[in-house]
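The next block holds one structure in the form of structure tokens; read it before the comments.
Please treat every number below as a calculation from the coordinates, not as lab data. Being a predicted model, the structure only gives us computed values, none of them experimental. Please note: Cβ atoms are built from the backbone with ideal geometry, for glycine as well, and neighbour counts cover all protein chains shown.
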Amino acid sequence: MRALVVCRDNIGDTLLTTPLISALAKEGGYRVDVLANSYNAGVLARNPDISKVYVYQKIHHRAAGESRIGIILRRLNIMWHIRRTHYDIALMAKSRWDPRVLKWGPLSGAGRILALGDRSHPAISDLVTPPDGTREHLVRRFHRMLAPLGIRSPAGPLVLSADPAAVAALSERYGIDADQPVIGLQISARRILQRWPEANFVALARLIAAAGPCRIILLWSPGAADNPTHPGDDDLAARIAAACDLPCLTPIATHSLDTLMAAMQLCDSVVTSDGGAMHIAAGLGKGIIALFGDSDPVCWAPWQVPHSVLQAGDSNVASISPRQVHEALRQLKPGARQAG
């Protein structure tokens, strides 16, 4: 039997589908293919539960010199390959289906199309409607789509694998000593209320360094802050590194998803705001101090890894102090997976 999982969303949401994919492959016996986009597909590489990843490109993600026509033609080619595969089932990996994700269901030719939501549609054979008012982790919500297939096992951990060659290259280049604790500070966040202040990261790095021998890896979204497509934090990272002036602090510019995953693989624990990078750390099994602003940790907390969620009463991460974060980090015990 063959299954197509449609993942049109961002990196974090895509990673949160991996327990669903694992259950389909291992419990359901399906050969699982995934439709992803060029932005999120990298987190599905080396996933042993996935047979094939179709990668399409969104128009607004096109590179300089790329034509709209070329992108559309490649997308039509993907549609043709999907159609001729004759999938048995197609699952729409979105917390509530919308027309953009659902269009891939009929295109797949699947006999059964499963989706989450409270609105029926002629294309949906199995509409899964969570109970009214339910606040639950997105992993659990995705897992609800397995019930119509007779798969009732609990959701397992996220599945993510960093490229071993990239990990080894970074370790050698930056001289990462495995005998010392390695703490990652991921400083980027798109949403304003998720952005921890620059001065707080400087103060936290100094507290960590003063506590004993360690290595601190500074991570951020590369690029200029005024980039209209993918704004970055190059200037912010440079200011933090200069203000810290710590020999143990190593800035690593991660210009690709593979490099970010490799850099996080070097860490024992990671401090980060809620977002895609946080879920990457969880997928790699890292201990996490998760800073939450106005997003809901019930739905988005790190999944099945040691973690501490910090959220201020005003839903602004700026109200979380460096000492609070350092104390949470001191008490964190990276290691064993946790139940979801």
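The table that follows gives values for the structure above.
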quantity	calculated
Length released on extending from residue 135 to residue 83, taking residue separation times 0.36 nm less the Cα-Cα span	15.2 nm
Part-to-part distance (alpha-carbon centres) for the range 206-280 and the range 73-125, which is given in Å	37
Cβ crowding within 10 Å averaged over residues, with 163-176, 235-248, 12-25 ranked highest first	12-25, 235-248, 163-176
Ascending count of other beta-carbon atoms within 10 Å, so fewest first, for 214, 7	214, 7
Where labels lie 7 Å past Cα in the beta-carbon direction, separation of residue 312 and residue 243 in nm	1.5
The chain, Cα convex hull volume normalised per residue, Å³	142
Segments 299-306, 325-332 sorted - mean Cβ within 10 Å per residue, highest first	299-306, 325-332
Gain on full stretching of the segment that runs from residue 210 to residue 333 - 0.36 nm per residue minus C-alpha separation	42.4 nm
Sites residue 112 and residue 153 - FRET efficiency at Förster radius 22 Å, r taken between beta-carbons, to 0.05	0.70
The range 165-234: Rg to Rh, with Rh as the Kirkwood radius over Cα pairs	1.03
Cα-based shape type of the range 164-331, given that a ≥ b ≥ c are square roots of the gyration tensor eigenvalues and the cut on a/c is 1.5	rounded
